[in-house]
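Only one structure is covered here, and it is reproduced in the block below.
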Amino acid sequence: MAEPITHIQRPTFTDEQITEQKLEALKKQFANNEDALNKVLDIVGELHDIGVLEAADAALQAKEKIAKIVLEQVSREPVTNLLNTVMGATGAVMAADPEQMTKLIKSTMAGVDAGSQFVQEDQKIRVRDLMKTLKDPDINRAIGFGIHFLKGMGKELKESN
Amino acid sequence: MNDSTFHIKINDVEYEAHAGEKIIEVINQNNIPHPQICYLPSVDPIQTCDTCIVEADGELVRSCSTLVKAGMDIKLDSVQAKASQTEAMDRLLANHSLYCTVCDNNNGNCKLHNTAELMNIEHQKYPYTPKVDSSEVDMSHPFYRYDPNQCIACGQCVEVCQSLQVNETLSIDWEADRPRVIWDDGVPINESSCVSCGQCVTVCPCNALMEKSMLGNAGFMTGLKPDMLEPMIDLVKEVEPGYSGIFAVSEVEAAMRETRTKKTKTVCTFCGVGCTFEVWTKGREILKIQPSDGPVNAVSTCVKGKFGWDFVNSEERLTKPLIRKNGQFVESSWEEALTLVAQRLGEIKSQYGKDSVGLISSSKITNEENYLIQKLARQVFETNNVDNCSRYCQSPATDGLMRTVGMGGDAGTIKDIAQAGLVIIVGANPAEGHPVLATRVKRAHKLHGQKLIVSDVRKNEMAERSDLFIRPKQGTDQVWLMAVTRYMIQQGWHDQGFIDENVKFFSEYKDILEKYTLEYAENITGISKETLIAIAEMIRDADGTCILWGMGVTQNNGGSDTSAAISNLLLATGNYRRPGAGAYPLRGHNNVQGACDMGTLPGWLPGYQHVEDDEARAKFEAAYGVPIDNKPGLDNINMLQSISEGKMKAMYLVGEDMALVDADSNHVDKVLSELDFFVVQDIFFSRTAQYADVILPAAPSLEKDGTFTNTERRVQRLYQALPNLGDSKPDWWIVQEIAKRLGADWGYQHPSEIFAEMASLSPIFAKANYETLEGWNSFLWGSHDGESTPLLYEDGFNFPDKKARFALSDWVEPYSFAEEFDLHINNGRMLEHFHEGNLTNKSKGIQAKVPEIFVEVSPELAEERGLEDGALVRLISPFGAVKLNALVTDRVQKNELFLPMNSVNKESAINFLTGPIYDSRTNTPAYKQTKVRMEVLSNKGKTPLPKTNPRDKKRHPQNGVEVERKWHRSDYIHLTTK
């Protein structure tokens, strides 16, 4: 004859027993992962020696405050301005044709080289020289590029307004 | 290619299309990316968002509502089409603040986010401004919140509430300055008629409607406090990158969430409809339930399936085996418990013989687990003494079908029910017991002209919505069913051709029907002749009749015969072997069907092969290596008798609270305490477990793999979403370990192997396996060649001669009680709770909606006895008594009481009133035939149903979202040209 039982007798552990059980489980974990744990301890030692841990600890404890400060800082107008500028510039660069850009940058570098050489030679340029140089196909190409560059930029400026 | 198939051009490429398809369907079938914020395939076109506009033959039209035509030339990204789509999206975004990275809905499936990205939207044309003060965010409901300031007023929530769930609570206030969603006439959500089905939340394309379990929980940065979160949102806006920048960052965050949020497909366990969905978990925490592609439910759920899973993490879960020692239950190791179980059961079997052990299986556990329990019974204990809880509900329905059409399952699927011209519901309350199935009837009735007849003693929601509601005297359904059949035959409205071709014993059946005249029926049932004729006419006029029935039929002493009478009526009128017709017993638990299919029945081996069938038995004998008894074993009721007689000494019971769910609980208590050895396997410390010698902690559905079979005979896979809690284990593991200790080493590594073994022995499952059932796929048994068979009997009925049989039975008069028991007490489910409630009562939200049990009393009886809401009454039957508060409602009439079954308390549980009255053919208790007398202990008190319960709230039906009202606004500028 089985009387109904309405209560479950669950073992109650003292705090020491619970600690003991947890330590036992941890001991097993340690034994199974000895190499990895040694490495972790080495790294932790290094970090401690150079003071990183202390700084990280302080920063973690102040995490909410720091986050708020950072937020306040980045929300200021100059910073949002900067962000917008950077993002705008990045966007523009992202939109450019990479092949053309490469060509342009290479050309500019070549121009800088030739220019520097000229400056070192300490020569003067006269109007006649200028007219004559227009016939030089390299210079003609560069000036043609410049004029059309100005035309394109002027047009974009008009549209942006 | 026939007339209905033709070609159309989309962006100059030819595609095949079919007449009747919408443009968007062809776009989506071919996986062409195209915006479609408010498009929801489960409902009719909503047409509020305008983002799906295309140019078709030169006109701008909504692709969601425009039918394809042969040769149509469609441009998705012509200049005009693009401009319309972009303008539409800009209008939506003016209502929505984009803070994706810190939004709980940023999980890769935010439709608004994904569409804005797809359309390369870079900037907000119309600046976002909030609609209302942030204090108007509605947090009142226990399970979900509505934030009008994030709502784009696309109306998908409204459409599903009005036209799919058909609860008719939500609408959009189109005439308001800034349209938003309102509940009823603008009350807080928790005070509205909302039944918490959660479909609005599921379909919301953004974060306006969110599960509260997701809030502050789903993302890495969404748990921030407001003083941190708001400056962060401001920063994002101040910086104003193009949206693509925001999207990029939020996608990185969403990808991080993917690694942490686990999404697992599972099958719902709260009724037999078989809804499937993904459960989102974070560790052991359930973030939400997300239905989408389930073959039965699509986006639909009910309150339990969507929100009722708290029990899985309940502190009351059993997590260690328990052994009775010195009048206490003491925790033990698995080894100790299993060894003790095997040793004692083995001893009892060898000492007292094969019939001294009985096994009771469960309709909540998987097919694989049921298969193993019958295998344990037949192979290890060498007995057919194995049964499941379908004995308490569904056996009469199965019996009625087996006798007439040959297979104990629904004739078709939920789609046939939706398609029928007429649905008759007899003794069932699917709006509460099978909520998602009921929605398909409500939708067909509201939108597609389906007719609905309800026969019930109690006025439930389906009765309120029906075209014809009859309240026959309790236990007399068979009489009106037979009278209607007789009348139809007499009028020549039956289907003689169908009968000639398909059914035997017609003339014998006509003889039986002879006495069931309209006058006789009117006299017995109280239904007027005119009403009976009206029913006959509705069946005559319908293009397909489906009859749905439940416990109001089966839990009677004539339950089996009434079920057969339903099938007879369908046979006589040709309502089998065609879509949109047939017999649909509504299985109550998630796996009632499967438990029976797997042979946890005293007379049936797996796959409906009878133990008397020598060939079938030989096959199992060869597989199991033991002889199998050719006589059916004991059913649940017989087992209790056998215990009383001192023959059965031990019982192994899995997942069944027999001491609460069997009739005449006082008697069951006594019998269980007489067992020599009693093993109970459960996830909770149930009332039955109190009598156990050993309690084994099992794992619920979310913690294991397996399959369930729903009321449609549809087998669906569930996948393990969570690890086992504590030391609890899946039932299949436990059963296998017991078998092993009794000398049968089965060696299954995974449930798929169990399923494969079952299928190899059961022809109707021959072509089903875990691969064919992968993901959302499913399999419907029903053919001897093992093919999936959504519609039964297309090749003839399940008898050797392919012919059905009219069952030849008179009706059985209900049990009669002494005159002092003057009130009939009915019982049944409430929407919010499952069965006796030991799962759903762990949910705080559900408990807030239905905190306590009560008995419904009719206004006329209340007046006669001088009692009001909250009165304390004692109800006394010949078998026991309960004491609880009264709720006065006109859902019941006259001397009818209704006691919901969600009680685990002896003070209020229905089965302390029910008695040992049984269906004559199946032994199913006649729970519905119970009478009591009532003592009023105090005549008023606090009403037991809180104000926040949706019952008795006025619904606000309208024709879906009513987009025309949006179009009529003076500030609405059309983006279409036609």
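Computed from the coordinates by the stated procedures, all read-outs in this text should not be read as laboratory data. No experiment lies behind these values; they were computed from the predicted model shown. Every residue, glycine among them, receives a Cβ derived from its backbone with ideal geometry; neighbour counts consider all protein chains shown.
Where does each of B:799, A:30, B:806 land when they are ranked from fewest to most other beta-carbon atoms within 10 angstrom?
So the residues, fewest neighbours to most, are A:30, B:799, B:806.
Can you find, among A:111, A:101, A:127, the residue farthest towards the positive end of the dipole of region A:97-160? Put +1 on the C-beta of Lys and Arg, -1 on that of Asp and Glu.
A:127
Only four residue types carry charge here, +1 at the Cβ of Lys and Arg and -1 at the Cβ of Asp and Glu. Report the dipole size of region B:93-312 about the Cα centre in Debye, rounded to the nearest 20.
Dipole size: approximately 920 debye.
Counting only residues 5 or more places away or on other chains, whose amide H sits under 5 Å from the amide H of residue B:49 once H atoms are built in the peptide plane?
B:38
So how tilted is helix B:731-741 from the main axis of chain B? Cα-based, degrees 0 to 90, rounded to 10.
40
Straight-line reach from residue B:802: which aspartates and glutamates have Cα under 12 Å away, leaving out those fewer than 8 places along the same chain?
In chain and number order, the partners are B:501, B:794.
How big is the dipole moment of region B:395-585 about its Cα centre under a simple scheme where the beta carbon of each Lys and Arg is +1, that of each Asp and Glu is -1, and everything else is neutral? Debye, nearest 20, please.
Approximately 460 debye in magnitude.
Of all DSSP beta bridges in region B:5-84, what percent run antiparallel (nearest 5)?
85
Please rank B:501, B:674, fewest neighbouring Cβ atoms within 10 Å first, as an exposure proxy. Show your work: numbers first, answer last.
Values: B:501 13, B:674 17.
The order, fewest Cβ neighbours first, is B:501, B:674.
Mean residue ellipticity at 222 nm from the helices of chain A, using -39,500 (n - 2.57) per DSSP H segment of n ≥ 4 over the full residue count, to the nearest 500 deg cm²/dmol?
The per-residue figure over chain A is -27000 deg cm²/dmol.
Rounded to the nearest 5, what % of DSSP beta bridges with both residues in the protein assembly as shown are antiparallel?
Around 60 percent of the beta bridges assigned by DSSP in the protein assembly as shown are antiparallel ones.
With both bridge residues required to lie in chain B, what share of the DSSP beta bridges run antiparallel, to the nearest 5%? Working shown, then result.
Numbers: 64 of 109 bridges.
Percent antiparallel among DSSP bridges in chain B is about 60.
Only sites in a loop by DSSP and with at most 15 other Cβ atoms within 10 Å count here; which chymotrypsin sites (Phe, Trp or Tyr not before Pro) in region B:553-624 make the cut?
When the chymotrypsin sites (Phe, Trp or Tyr not before Pro) of region B:553-624 are filtered for loop state and at most 15 Cβ neighbours within 10 Å, nothing remains.
Students often forget the sequence filter, so: which aspartates and glutamates lie under 16 Å Cα-Cα from residue A:106 once same-chain residues fewer than 8 apart are removed?
A:97, A:138
Using the count of nearby Cβ atoms within 10 Å as a rough guide to exposure, how do B:648, B:214 rank from fewest to most? Mind dumping the intermediate values first?
On the way: B:648 26, B:214 22.
Ranking B:648, B:214 by Cβ neighbours within 10 Å, fewest first, gives B:214, B:648.
Please identify every one of the trypsin sites (Lys or Arg not before Pro) in region B:65-143 that sits in a loop by DSSP and has no more than 16 other beta carbons within 10 Å of its own beta carbon.
For trypsin sites (Lys or Arg not before Pro) across region B:65-143 that sit outside H, G, I, E and B with at most 16 neighbouring Cβ atoms in 10 Å, the list reads B:69, B:125.
Which of rounded, prolate, oblate describes region B:93-312, given a ≥ b ≥ c as roots of the alpha-carbon gyration tensor eigenvalues and a/c under 1.5 marking rounded, otherwise prolate only if a/b is larger than b/c?
Because a/c hits 1.5 or more and a/b fails to exceed b/c, region B:93-312 counts as oblate.
Mind counting lysine pairs for me in region B:395-585? Cα separation below 27 Å, and the two need to be 8 or more apart along the chain or on different chains.
Going through region B:395-585 pair by pair, I get 19.
Under the rule of at least 5 residues apart or a separate chain, name every residue whose amide H is placed under 5 Å from the amide H of residue B:21.
B:68
Taking H as built 1.01 Å from N, whose amide H comes closer than 5 Å to the amide H of residue B:917, not counting residues under 5 places away?
Under 5 Å from the amide H of residue B:917 lie the amide H atoms of B:926, each far enough along the sequence or on another chain.
Scale the Cα Rg of region B:395-585 by the rule-of-thumb value 2.2 N^0.38 Å and send over the ratio, two decimals.
0.92
Using the Karplus equation 6.51 cos²θ - 1.76 cosθ + 1.60 (θ = phi - 60°), what ³J(HN,Hα) coupling, rounded to whole Hz, does each residue of region B:900-908 give in order, writing x for Gly and Pro?
The phi angles translate into x, 8, 7, 9, 10, 10, 4, 5, 9 Hz.
Under a 10 Å cutoff between Cα atoms, tell me which one of A:83, A:53, A:150 has the largest fluctuation in the Gaussian network model of chain A.
Sorting by GNM fluctuation, first place goes to A:150.
Taking the alpha-carbon distance from residue A:124 and a cut-off under 23 Å, which lysines remain once sequence neighbours fewer than 8 residues away in the same chain are dropped?
Reachable lysines: A:132, A:135.
State the percent of C-alpha pairs, over all pairs in region B:823-938, separated by a distance greater than 25 angstrom.
22
So what's the back-of-envelope 222 nm ellipticity for chain B, counting only DSSP H runs of four-plus at -39500 (n - 2.57) apiece and dividing by all residues, rounded to 500? Before the final figure, lay out the partial values.
On the way: 32 runs with 293 residues, N = 978.
Result for chain B: -8500 deg cm²/dmol, rounded to the nearest 500.
Classify region A:42-97 as rounded, prolate or oblate from the Cα gyration tensor: take a ≥ b ≥ c as the square roots of its eigenvalues, call it rounded if a/c is under 1.5, otherwise prolate when a/b beats b/c and oblate if not.
oblate
What's the whole-number percent of alpha carbon pairs in the protein assembly as shown lying beyond 43 angstrom?
49
Which ³J(HN,Hα) values, rounded to whole Hz and listed in residue order, are derived for region B:659-670 from phi using the Karplus coefficients 6.51, -1.76 and 1.60 in 6.51 cos²θ - 1.76 cosθ + 1.60 with θ = phi - 60°, glycine and proline given as x?
Karplus values, whole Hz, x for Gly and Pro: 5, 10, 8, 7, 5, 6, 4, 4, 5, 4, 3, 5.
For region A:148-158, just list the computed ³J(HN,Hα) in residue order, Karplus coefficients 6.51, -1.76 and 1.60, θ = phi - 60°, integers in Hz, with x standing in for Gly and Pro.
Per-residue couplings from phi come out as 5, 4, 4, 4, x, 5, x, 5, 4, 4, 5 Hz.
By how many degrees, between 0 and 90 and to the nearest 10, does the Cα long axis of helix A:98-121 differ from the longest principal axis of chain A?
For helix A:98-121, the angle is close to 60 degrees.
Taking the Cα centre of chain B as the origin, how large is its charge dipole in debye, to the nearest 20, when only Lys and Arg (+1) and Asp and Glu (-1) carry charge on their Cβ atoms?
Dipole magnitude for chain B comes out near 1020 debye.
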